[in-house]
Each structure stands twice: as C-alpha cells, then as structure tokens.
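The values are calculated or read from the model by the stated rules, or taken from the named source; none is laboratory data. Quick caveat, the model's predicted, so the values are computed rather than measured. Quick reminder, even Gly has a Cβ in these numbers, built from the backbone with ideal geometry, and neighbours come from all protein chains shown.
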Amino acid sequence: MSLWVDKYRPTSLVKLDYHKDQANHLKNLVQCGDFPHLLVYGPPGAGKKTRIMCLLRELYGPGVEKLRIEHQSITTPSRKKLEINTIASNYHLEVNPSDAGNSDRVVIQELIKTVAQSQQIQSSAQREFKVVLLTEVDRLTKDAQHALRRTMEKYMSTCRLILCCNSTSKVISPIRSRCLAVRVPLPSVEEVCSVLAGVCKKEGLLLPPELARQIAEKSGRNLRKALLMCEACRVQQYPFSPDQDIPVTDWEVYLRETANAIVSQQSPQRLLEVRARLYELLTHCIPPDVIMKGLVTELLSNCDGHLKAEVVQMAAYYEHRLQLGNKAIYHLEAFVAKFMAIYKKFMEDGLDNFMF
Amino acid sequence: MDEYDEMYGIEDDFEQQFADELEVMAQIDREHSSCAKVSEFRNKKPIPQTFEEAIVSGDVPSRKSVNKEHPESISPLVYEEEEESLTPKPKKRRQDVAKKLQFGVEHTDDISPPSSPEVYNRRVRDGPAVFLSLSPDRPAATKITTNVLDISGLTALQESPRRVTAARRHAQKRPPAIGDFITVTDSMGNRVYLNKKEDEEKAPDPRAFRNSLNGLGLLAVPIEVLKEQITERRHRQVVEESQRLTELMNSGIDPDHIAEEQADSGVDGGSGEDEGSSSRLWVDQFSPQNYTDLLSDDFTNRCLLKWLKLWDTVVFGRERKPRPAPADVRSNFTNAQNQNQNQSQRFKTKSQITEEILEAELDQYKRPKFKVALLSGPPGLGKTTLAHIIAKHAGYNVVEINASDDRSAELFQKRIDTATQMKSVLGANEKPNCLIIDEIDGAPAAAINILLATLNRKDSRDGEEAGVNALKKKKKKQSVLLRPIICICNDLYVPALRPLRQQAFLLAFPQTLPSRLAQRLSEITRRQGMKADTGTLMALCEKTDNDIRSCINTLQFLHRRGQKHLDQRSVSSMCVGLKDQNKGLFSVWQEIFQLPRLKRKRIGGDSFGGFDEAGPKDGAQRIQHILHLVSSTGEHEKLTQGLYDNFLSMKLKDPGMLGVCTGLDWLCFSDVLNEFVLHGQNYSLMRYFPFLPAAFHHLFAANSVPRINYPHSHYEAFTKTQHTKNALIAMLNDIPPAIQSRVCMSSLCMDILSLLLELISPKLRPVNPQLYSTREKQQLYDLIDTMINYNLTYRQDRTPEGQYTYVLEPNVEDVVHFPGLPPRRQLTYQVKQLIARETELERMRRVERAQQKRNPPKTEAVNKIQEEKKTEVKKPTSRNHQQRLENIVKQTVVETRPELDFFGRAIAPKEKPMITTTGEDGKAGEVVHIGKAVGNSDVWFRFNEGVSNAVRRNVYIRELL
C-alpha cells in the first residue's frame, strides 16, 4: 500500500472526503441491513469503487476487506474454456464479465447463478444475501445484459447486485429500471485540492495550493490521477515549487500532437500520417471513444467558433457509427478526414474573403 | 487433318515424328470409309425415294434442288385454303388469323407463281412444313418452321395431310405462268389449273375427287377418311420397315460409328432426334468423336497420344516401331528446320523437354518412365474429352473415376486394382483398360498416396526381385502396374498432388485458341439453325475465357430460350456463360484502382469528377464489372483492408478532400454493415459488400498503374494490441487483490501506468544502499514496495549488441511509450541492478513472513509450546537418523570392499578415507573413528546419490541478510 492512492483511500462512508450528502444517503440506505440492486455510475476516478467498498463494509464489517483472488473456469456451450479472475471476500464477489469478451453472457449466467443459488448457511451471523459486484457493465454485450435481467429478479432473496459503470447509456433500460441508480460525479477542483492537501499533510509534506490547483486541473478532476500526479511530483522534486512541471500521461501528449498535426495541414498524405498515429494510440489500448473525445476537445480549441458546432456534430455522428461498428480506425479516420475537409474549406473561404 | 498435311510437306522425317498420329489418322480414315458405306446403304434403302427423303439424307446442294420445287408445292396449299374457306365458317376465321400473321402474301385471290425473289424466299422457308405433313415420322428439318406453321393455324387445316399434299401439288387457281397445265372444272364450277409435270407417281387429283363427293354422306365414315387411314397405315409400315432395315445394317458396324452417324444425321438433316437432342446437352452432343475433332492444343494432344503409345509394348505386346536414333532425328530435325533452334540449343524449351521425356527409354517392364500422365488446366478446355478420345483411339477401354465416386482410400485402392489388373472377358469391348482419374485435385491425400504406392511399391519390389523369378511375382496379389493411368486436375499445385507431380508426365493445357473455338461454335450454330456471326462468337469466347463448355452451354441456353439470332449486344448483356472467375486479390485491387485501358481519352480530369464526364453507360458498365469481380472474389474482409491501406497512397487529385471523406464514409458503412451481419447472423445483407469496392473504383480509379501493397496494418495493429494487452494482463494478475479490485485494465493503461513509471524512477544516488541516509532508505523502501505491489521487477536482459540492461518485467514500458515523444528518464544500470536485487530480497522476506504467519501462530505461549513440541519432535528424529547412520556404518564396516579411486584402480585402504572425512567435516576432524563422529556434531551429512544438497541445515533469510 505504498502508493498514496491506495494508502489514503477512505474505507468507511463517514470518512469520505466529498459528496458527503450522498454518503449519508448510502449510510441510511444500508442501515436496515438491506438494499436494492444498485447501479453506480460516474466518470473514472470519481470514487465509485471506493463508495461501493465503504458501503459493503458498512453492511458486513471489516470482513469484506479480506480479499482473495479466485480463478474461475467456465465452459461455454460450445466447449470453449473461459478463465476469469474474480476477487472475493466471504461476503461478496467481484467480477468483471467483460474480460470474457464475447462470451460474457455465459459468465453472467453461470457465475452469478452459482453464487446466487447457494444459500447462506448461518443466516443469523451474516446477512441472508451475498453481494455480486459487476464492474464495467457498460462493456457487456447486449446478450449478457439481457441474461442479467431475469437473474436479477429471480435471485433477489439470496443475492444483491451492484453494477458499476462509467455511463448508463450503454446499459439497457430494463436493467436500469431494476436498479437504484447512484451517480458519483467527479469531485470539484476545490475538493480535489483539499484531498491532495490532506494527503500531503498526512505524508508530512508541504503542498503549495497553486500546485494543488494545477494538478487538479491537469488531472481533469480525476482524483486517482491527481493523487498519482501529486506523488510523481513529489518523486521528481521536493520541496515542491508552485510552478513545477507536472508529469502527464504520454498518450494525452501524443493525442495533442496528433490534433496539432491535423490542424496544421490537410492532405491525404497528412491523413496517412494521422492514421499511423491513431493506430499507435489504439494499439496502446486507449479506447477509441476516448481518442475521439480527446481529439474533439483538442481540435475545438484550435478551430474557429463558426466551425465548432459543425465539428461537434460530425464528431457525434462518427462516434455513434464507431459504437455500431467494429473497426474503430475507419471511423476515427473518417472523422479526421471530415474535419480536414471542413477546416480546409473554411480556411480557403477565409483566405478568399481576405484577398478581396 | 489439313494441318498435318501441311506439316507433311515441310518435314522430311514426318513419318518418324508422327508415326502414332498417322496410325490414328489411318484408323480414322478407315472408320470414315465404313461410315460412308453405311450412309450409302441408308441411301439405297428399298423405299421409293421421295424427294423429302433425299433431302434428309442428302446435303446442301440437293436441298437447293428441293427448294426449287417449293413454289409449286406451296401454291396448291394456298389454293386449298381458298377452297376450304368456302365451306366451314370457323376455318375461315383461322385463315383470318393466318392473314393477320401475314403468313401469306399469296392469300389474295390473284395468286400466281412467285416472281419476286422475296416471295420466293418466303416460300422456301415455308417449304419444310409441307414435308412435315408429308412424312410424319420425320419432323420438320427445323423446329422453327414448324412453329411458324403452328401459329398460323395451318396444322388445323391439314386434317388429312397425305391426301391434301398429294393433291396440292399441281392444282392452281390461275393458269401457271411457266410450264404446261391442264384445266379442270369440278362439279361446283370451280376451275383449277393443274400443272403438267414430270412427277408421274403422284396421284393426279384426289382433292378434286373429294370435292366432288363432298355433299354425299353414304358411308358412316367418309371415304376420304378411310382412304387416308389406309394410306397412313401403309406409310407407317413402310417407314418402320425402313427403320428396321437401317438398324439391321448399322448393327454390323461399330457402335461408335453409329453414334457418330446418328449425331451427324441428327445434326445435318434434323431428322428423328429433334426431341431427344433438345434434352441433351450440346456439350455432349457436339463433343469431339475423334482425334481430329479435338479443339485443344495440338502439341498437347500429340504428347499425350505419344505417351499412351509408349504403353503399346507392354499392353498390346506390339513392338515399338524401329525408329532412327533420337539424336539423329533431332539433329536432322534441327538442321532441316531452322537455325534459331540451333542457337538456343543450350536451353531446352519446355516442349523439347517434353519430347525428350517421350523419347526416353522404357523401363525393365517396357513401361514408359512415367507411369502416370497428369493433365492440368482450367475447366472447360477439354481435358476429360481429350483423355477419353485418345484412350479410345489407342485401343483402350476407358475406366473413369471422378469426384462423383467415393474416393476413400480403400475404395480407391480397389478401383485402381480392378481397373489396372482385370480385363473384361465378356462383351464387345475386349480391350485393355485405361484408367482415367478425373478431378484428382479434389481427392484426399490418402487416395493419392495409394495411387503412388501402386506406382512405386511395385517398382521397389521389382528392383529386389527382378532377376529372381518373375513367375512368383506375378502370383502375388499386387502385380506390376501394366496399364496406363491418366490423371486430370484443375489445380496442379494442390498440396496433396505434390508427390504425384514428381512422378507424373505433366501436361499443362494451354488456352484454346479463340479462332478455333469460334469456328467450332459457328459450326454448331449453323447445325442448330442459329444465326451468329464470327464476331459475336469471338465475343462469346472472350467472355467465357475460351471455355469451350461454357460457350456451348451458353449457346444452348440461348437456343432453348428461343433466341435464334445472336448478336454482339446480346452476348455482352447476357450474364450467362460467366464462370466464377477467381482472380487474385492483387489483380482485383489493381482493377479497382485502375481505369480500364481503352477509355484513355477521358482521363485527366480529377478522379471523382471523371465519372460524370464518362457518361452513365460507361460508368455503369465499369461499376458492374467491379461488382461482379468483387462478388466472385469473396474475400471481402481482406479486400476492404487492402483498399483502406492503399487508397490514400494513390495519386489523388482531391483538393477538397471530399473524395477521401466519401471513401471513408463508405468504409464506415461497410464496417457497420459487417458488424451487423456478424452480430445478427443476417447474411442476406452480405450482398451489399461489393458496393464498397465499386464506390472506391468510382472515386479513386486512376489511369496510372497503381502500386499496391499488401495490407499489413490491421494485422500489425492487432498483434501489437495483443502484445500490450498481454503485458497488462500479466501485470494485473499478480497484483494483490486489494489493489487489483481498484485497478481495471483501462484505468491502468490510461491513468496509472504512465505516472507509475514516473514514480518508480526517482533520483537515487548510485552508491551502496548502506550509505543512504534514512530518507533515501525510506524512499528506496517505498519504491520497492510499490514495485512489488504492482508486480513489477527489473529483469536482466542482453541486448543484441551484447550489453546487459535491466528491463521492466512485465514490460509495460512499451505500453505507455509512444514513438516520437521524448523517452522518459531512465534509471542508471547500477540503480536498476540495486532495485532488482532489493526487490528480490523484499519478495523473499515477504514470502517468508507470510509462511511464518501461516504456520506458527503469533502468541509467545503458543511459540513456547511449539518449541517444546519441536524439541520433542527433534529427539526422535535425531535418534532415528542416528540409528540409521549406525546401521549404515555397521554395514560399511562389515562389508569392506577393495576401494577404488575415480579411475577404478584399487587404492591403499588404510589412510585415505580418514583424510577425506577430516577434510570434509571440519569439526569431526579430530574424531578418527567414523562411527563416533556420527551424532556427536550437529552438522552431519549423508551422501545421497545424485543429489547435491548433502548438507542440511535450516538457514533463514534473515541470518544471511
């Protein structure tokens, strides 16, 4: 537990640093010892998992923190063997079904059913239900989500599901309606700053508030990232100076450079270069929608106000196609080409107006 | 045959060269003469020869003479119609129909013998209809004319064909312009003019006769009808008898020739078989019957024939004709022929090599060197036909195995054996068998191995036993292969055929010459009464890639559809006759990115505006072409990938990038479609895939030859992604669960890793860690802790240059590093080494701690108990091994062997063992006796053969550190 992120993670609902109202609500929710299925969603680094674990601890006591890794193997109907890692305590089971790729439906059906069907022996000492925590539910295939629908209702007496995802838009509505949705928004910059200051204080370091603010902004209010950045700053240089340069993730730098390349020249050759860069990003496991979002943000900051609406519209269009399709590179490149066309036309028109 | 004649003129040694062919020629000639005899017989049939029959059996010139008679035969018919129109109403109507159809110019009253050539022609064409009615057993020469007549309703009029036609001959309403005539007036007052003609056998005027009796109905059945029946019956009898006679005569002749004959007659005269032939495939109907009919390349034909003739020695026992020494022949040949070949003598052409193979000596069984001929070539070139015909002409009975038969190994063996070792004793074809294995490229490898074994195993056995005794060998179940085998395949390079290829006489079929094919096609069309000019037929050949079968099938298809006139347009617009052409991916890409050559003039404008200029028809054709091409290629995924990888490197003149955008939109569409198809298993949508390449053609096709690279990008990206993922998974797998639950893959690679790598490369002084300050020590400890928590270590690795470096394990550095960005600050080699060592130590410590935690519970009381227990446990164990040792010692004492040193020599037994013991066991050095040393010291050893850990002692890590 050496990283600050891990070391100073709050373990109970009372100790949470921000969204205290929500924490209170959650505490009240589990006070009676029971709760409905939950759908916790929010952007990465907002503290979803932390809240869930706090909730479980509130419910079951410190026993939930004794985690072990279990390797489960499941045989699909087509005799394919699936290996999937689960993290379990005595009271709950955490699965990331999207690890199984296209066979996630089988994981949902088999794994959850086996957990849900087994009754607790000593119901007096424990709760009468187990909790299954499913992460990255938005990456589940539709089949798997449909498989989940019935399971959720059928095993209500023995099992509670907590679904964790980034966005509800990819969760089918029947599931959304069966769950209590809990949104965990990103902390504000001030909240991030206060958390950083608190951590540094505990570490016995002195963090200038300017630097804290910078870190908070650079991290995009992603608390995990902010803490890591802060610690990286600490490794680079201590004592802190307010204008210290903050290490950032490479892929963001790369993406920014790509966006600059797009703006600086519009030609098929440049498009070919951009394609190579996009491929590079994709091979580094950066999700295509993140790339798209990053590109749009960077491009918007570079282009004229007249174009912004159109660019955003195009981005939305291609992002939608991207979700429908399979080969992300086509859609990303199509967006880039479209942007190039729009931008070029705009620039030429502007030039003409300027000339005459 | 003409060609051979020509060749004869040129070559002096023709006889030697083409002895086999000549032989066959001679055979064919003989057969032909017999055929001729047959037809003569037929012609001399005892039936009184009507001129119709003469037409049927005769040929064109005689037909002409017939045609001349037609006007006379037609005009009475018309007259007859006029006559009939007088009486019944409905018939009148029919005649009206006929008029509407413009059947007769002659229908008007003033019918006169034709004077204008047009009318004459009409009649000529109508002529056969009359013959139809005349001889019901011989349908019309062409079906077409019959159809015409049917339409006109004439058949309905011909209630009594025989009579009517007999009557029609010479009666006209008007006096004929040419020739003599007789005027006849009937009871009704109608006057007819009868032609006076040399044709005396015909009944003069039965029609007039009938007309005179028209009103009287004395008999229940009119007399005409009765008469008619009788004549009909008689006629039938005659015809039947003639047929019987024909058969009788034909039966004496080879059945082949009958078939040939029938085919010929069926084609020429259109007699008899019209119904039957319409159901037959023309491909079969017009398949060549003998060697000279073959359309395939002459050289190939000759080679195969020669090869087959090589078998004559062993199969028929015929001696090979003595020929001049091959060298002589060749030298003569070359001298006589040309100088060019002399110059290029050093490099043998392929044909020369083939010739040489054929000239090669026979083996010990007088078999040719290659026992199998392997014909290869694309479908529709006549490989199977060639094999059959040549085998037949060389005097073999053809046994064919093809893909329609089961070709499992056992059955194959059985069939080969039956075909090559047995001979039909009964029946007419008492010929040796020749095995033709068709479509061998589809046969399983096991079957081909069996075939090879049939060739080879016997060879080897022959090698062993050749001299020993031939008799015994013959009696064995598997005797030597003594029959030729011809294999036919489309793809010579199928893996299963590889072994066969080395042992077979390979003959690759070249393309059929389009001119020859077109000639044959025109012959067929002529015979079937279709009209097509040579240009059209050439177009058809081109369209089907000179595939004979496909051409003929197309023709037949069109014929059946009722299309009699074939023109260029219908050929080009037709989609039949096109094979599934399988072109390579590269050529497909090339075609997509390149404009067709002929349309040179309108290129030069920008690539995607070009379409509008080109005109819709042209563009549509091109797009159709691409659609067809792509849909027959099938490999959509790879094709698309190739387009994607290459289209930006084409020479685009696309300033606005609009074309690129459109192209990419198409790609997106195709991708979405593909995903949808795969996801929903909705394969009917796959038909829209080919539109993407068509669109690309339309957008990006240029005039210059495109340089196309094989698409690697997707695959490379895939492998790289996989590599990255594997590194991440390896890293994730051993992270302790408390952290693992918070770290998922995406957050790891997006947020954590990059910063984590910053975190684990602090500035450390490259000195001994003992010299670090406490803060530095704490920093180092934190670093190592982090690394262990996140399952990272440094592993020593050797670069290709031979230097040692430390790399992260798992190598997540690749995961976060992007090319072109400044490389992150690396730790020095020493620091990495230090960290690696410390990490390793820390890991060991942790493992030990974990074990201790698990085994002895922590409280001291328990510890004490444990210790006591341990001592208790220890005592018996020590006793145990003491006892054992003592036993061992006793045994060693008892059995004192003569001791041997390392090299097996005897050593002086006294001092040396003692020295060794003292040397190895320092503490027990003073103790001389072995027995006493055991158990006294707490270090003891026991020699364990093959195991090196002779010294056992519990050593804790903490003691060493």
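Going residue by residue through segment B:396-414, is there one that turns out to be part of a helix (DSSP H, G or I), surrounded by fewer than 14 Cβ atoms within 10 Å (Cβ to Cβ), at pLDDT 75 or above and within 33 Å of the chain's Cα centre (by Cα)?
Yes, segment B:396-414 contains a residue that is part of a helix (DSSP H, G or I), surrounded by fewer than 14 Cβ atoms within 10 Å (Cβ to Cβ), at pLDDT 75 or above and within 33 Å of the chain's Cα centre (by Cα).
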Report summary line: Only one of A:K113, A:K80 is over 17 Å from A:L38 (Cβ atoms), touching a helix residue (DSSP H, G or I) at 6+ places or on another chain (Cβ under 8 Å) and modelled with pLDDT under 85, namely A:K113
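Report the residue count in segment A:151-165 for those that are of a type in the set (D, E, K, R) and either without any contact (Cβ under 8 Å) to a residue 60 or more places away in the chain or surrounded by fewer than 21 Cβ atoms within 10 Å (Cβ to Cβ) (or both). Quick ask: steps written out before the conclusion?
Initial filter on segment A:151-165 (of a type in the set (D, E, K, R)): A:153-154, A:160.
Then drop every residue that is not either without any contact (Cβ under 8 Å) to a residue 60 or more places away in the chain or surrounded by fewer than 21 Cβ atoms within 10 Å (Cβ to Cβ) (or both), which leaves A:153-154.
Within segment A:151-165, residues that are of a type in the set (D, E, K, R) and either without any contact (Cβ under 8 Å) to a residue 60 or more places away in the chain or surrounded by fewer than 21 Cβ atoms within 10 Å (Cβ to Cβ) (or both) number 2.
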**Report entry** segment B:635-661, residues that are buried (at least 20 other Cβ atoms within 10 Å of the Cβ) and free of Cβ contacts under 8 Å to residues at least 60 places away in the same chain
**Finding:** B:L639, B:T640, B:L643, B:F647, B:L648, B:M650, B:L652, B:D654, B:M657, B:G659, B:V660, B:C661
Query raised in the report: What about B:D782, is it in contact with a Gly (Cβ under 8 Å, 6 or more places away or on another chain), in a helix (DSSP H, G or I) and either closer than 30 Å to A:L205 by Cβ or facing chain A (nearest Cβ under 9 Å) (or both)?
Result: no
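Go over the candidates B:S713, B:S754 one by one and state the one that is out of contact with any Leu (no Cβ under 6 Å at 6 or more places or on another chain), touching a residue at least 24 places away in the same chain (Cβ under 8 Å), surrounded by 20 or more Cβ atoms within 10 Å (Cβ to Cβ) and polar (S, T, N, Q).
Working: B:S713 fails: surrounded by 20 or more Cβ atoms within 10 Å (Cβ to Cβ).
It is B:S754.
Just for segment A:318-327: of the residues that are more than 7 Å from chain B (Cβ to nearest Cβ) and surrounded by 20 or more Cβ atoms within 10 Å (Cβ to Cβ), which one is nearest to A:D304 (Cα to Cα)? Steps first, please.
Our first condition is that a residue be more than 7 Å from chain B (Cβ to nearest Cβ); within segment A:318-327, this holds for A:318-320, A:322-323.
Applying the additional criterion that residues be surrounded by 20 or more Cβ atoms within 10 Å (Cβ to Cβ) yields A:318, A:322.
Values: A:Y318: 21, A:L322: 26 Å.
Residue satisfying both the conditions and the ranking: A:Y318.
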Query raised in the report: Could you count how many residues in segment A:329-345 are free of Cβ contacts under 8 Å to residues at least 12 places away in the same chain and buried (at least 22 other Cβ atoms within 10 Å of the Cβ)?
Result: 1
Query raised in the report: When segment B:785-838 is examined, which residues are found to be more than 12 Å from chain A (Cβ to nearest Cβ), closer than 17 Å to B:S754 by Cα, free of Cβ contacts under 8 Å to residues at least 60 places away in the same chain and of a type outside the set (S, T, Y)?
Result: B:V807, B:L808, B:E809
**Report entry** Unmet requirement for B:V672, which otherwise passes all of (1) under 29 Å from A:I84 (Cβ atoms); (2) within 11 Å of another protein chain (Cβ to nearest Cβ); (3) part of a helix (DSSP H, G or I); (4) without any contact (Cβ under 8 Å) to a residue 12 or more places away in the chain
**Finding:** (1)
Report summary line: Of the conditions (1) more than 21 Å from the chain's Cα centre (by Cα); (2) part of a helix (DSSP H, G or I); (3) within 14 Å of chain B (Cβ to nearest Cβ), the single one that A:Q109 does not satisfy is (3)
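Can you find a residue that is among the hydrophobic types (A, V, I, L, M, F, W, C), touching a residue at least 60 places away in the same chain (Cβ under 8 Å) and at the interface with another protein chain (Cβ under 8 Å from one of its Cβ atoms) anywhere in segment B:723-738? Before the answer, list the steps.
Narrowing segment B:723-738 to residues among the hydrophobic types (A, V, I, L, M, F, W, C): B:727-732, B:735, B:738.
Filter again for touching a residue at least 60 places away in the same chain (Cβ under 8 Å), leaving B:727-728, B:730-731.
Retained after the next criterion (residues that are at the interface with another protein chain (Cβ under 8 Å from one of its Cβ atoms)): B:728.
Yes, some residue in segment B:723-738 is among the hydrophobic types (A, V, I, L, M, F, W, C), touching a residue at least 60 places away in the same chain (Cβ under 8 Å) and at the interface with another protein chain (Cβ under 8 Å from one of its Cβ atoms).
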Report summary line: Among helices (runs of 4 or more DSSP H) entirely inside segment A:1-75, those with 2 or more residues being touching a residue at least 12 places away in the same chain (Cβ under 8 Å), within 14 Å of chain B (Cβ to nearest Cβ) and under 17 Å from A:L227 (Cβ atoms) are A:4-7, A:48-60
Requested in this report: Would you tally the residues in segment A:225-264 being more than 26 Å from the chain's Cα centre (by Cα) and farther than 26 Å from A:R9 by Cα?
Outcome: 6
Report summary line: The residue that is surrounded by the fewest Cβ atoms within 10 Å (Cβ to Cβ), considering only those in segment B:676-710 that are at the interface with chain A (Cβ under 10 Å from one of its Cβ atoms) and either basic (K, R) or under 19 Å from A:I329 (Cα atoms) (or both), is B:L678
Report task. Out of the residues in segment A:176-209 that are acidic (D, E) and surrounded by 14 or more Cβ atoms within 10 Å (Cβ to Cβ), state the one that is farthest from the chain's Cα centre (by Cα). Result -> A:E203
Query raised in the report: In segment B:758-768, how many residues are more than 9 Å from every other protein chain (Cβ to nearest Cβ) and either in contact with a Gly (Cβ under 8 Å, 6 or more places away or on another chain) or buried (at least 16 other Cβ atoms within 10 Å of the Cβ) (or both)?
Result: 1
Query raised in the report: Given the conditions (1) loosely packed, with under 15 Cβ neighbours inside 10 Å; (2) modelled with pLDDT of 80 or more, which single one is not true for B:Q364?
Result: (2)
Requested in this report: State the number of residues belonging to segment A:235-276 that are at the interface with another protein chain (Cβ under 9 Å from one of its Cβ atoms) and assigned to a helix (DSSP H, G or I).
Outcome: 14
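Specify the residue that is nearest to the other protein chains (Cβ to nearest Cβ); the eligible residues are those in segment A:213-231 that are over 15 Å from B:M750 (Cα atoms) and surrounded by 24 or more Cβ atoms within 10 Å (Cβ to Cβ). Lay out the reasoning, then the answer.
Within segment A:213-231, the first condition is being over 15 Å from B:M750 (Cα atoms), and the residues that meet it are A:213-217, A:230-231.
Remaining after also requiring surrounded by 24 or more Cβ atoms within 10 Å (Cβ to Cβ): A:215-216, A:230-231.
Working: A:I215: 11, A:A216: 14, A:C230: 10, A:E231: 6 Å.
That would be A:E231.
Only one of B:A614, B:A620 is of a type outside the set (S, T, N, Q), more than 23 Å from the chain's Cα centre (by Cα) and modelled with pLDDT under 80; which? Steps first, please.
Values: B:A620 fails: modelled with pLDDT under 80.
One residue alone meets the criteria, B:A614.
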**Report entry** So A:A309, is it part of a helix (DSSP H, G or I), more than 22 Å from the chain's Cα centre (by Cα) and facing chain B (nearest Cβ under 10 Å)
**Finding:** no
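Looking only at segment A:328-356, filter to residues that are among the acidic types (D, E) and facing another protein chain (nearest Cβ under 9 Å); which one of those is nearest to B:N646 (Cα to Cα)?
Applying the first criterion (among the acidic types (D, E)) to segment A:328-356 yields A:333, A:348-349, A:352.
Next cut, facing another protein chain (nearest Cβ under 9 Å) only: A:333, A:348.
Values: A:E333: 14, A:E348: 28 Å.
Among those residues, the one meeting the criterion is A:E333.
Name the residues in segment A:72-87 that are farther than 21 Å from B:R742 by Cβ and in contact with a strand residue (DSSP E or B) (Cβ under 8 Å, 6 or more places away or on another chain), would you? Break it down into steps so the answer makes sense when it comes.
Filtering segment A:72-87 for residues farther than 21 Å from B:R742 by Cβ gives A:73-83.
Those that are farther than 21 Å from B:R742 by Cβ and in contact with a strand residue (DSSP E or B) (Cβ under 8 Å, 6 or more places away or on another chain): A:S73, A:I74, A:T75, A:T76, A:K81, A:L82, A:E83.
Report whether or not A:H71 is out of contact with any Asp or Glu (no Cβ under 8 Å at 6 or more places or on another chain) and at pLDDT 85 or above.
Values: out of contact with any Asp or Glu (no Cβ under 8 Å at 6 or more places or on another chain): no; at pLDDT 85 or above: yes.
The answer is no for A:H71.
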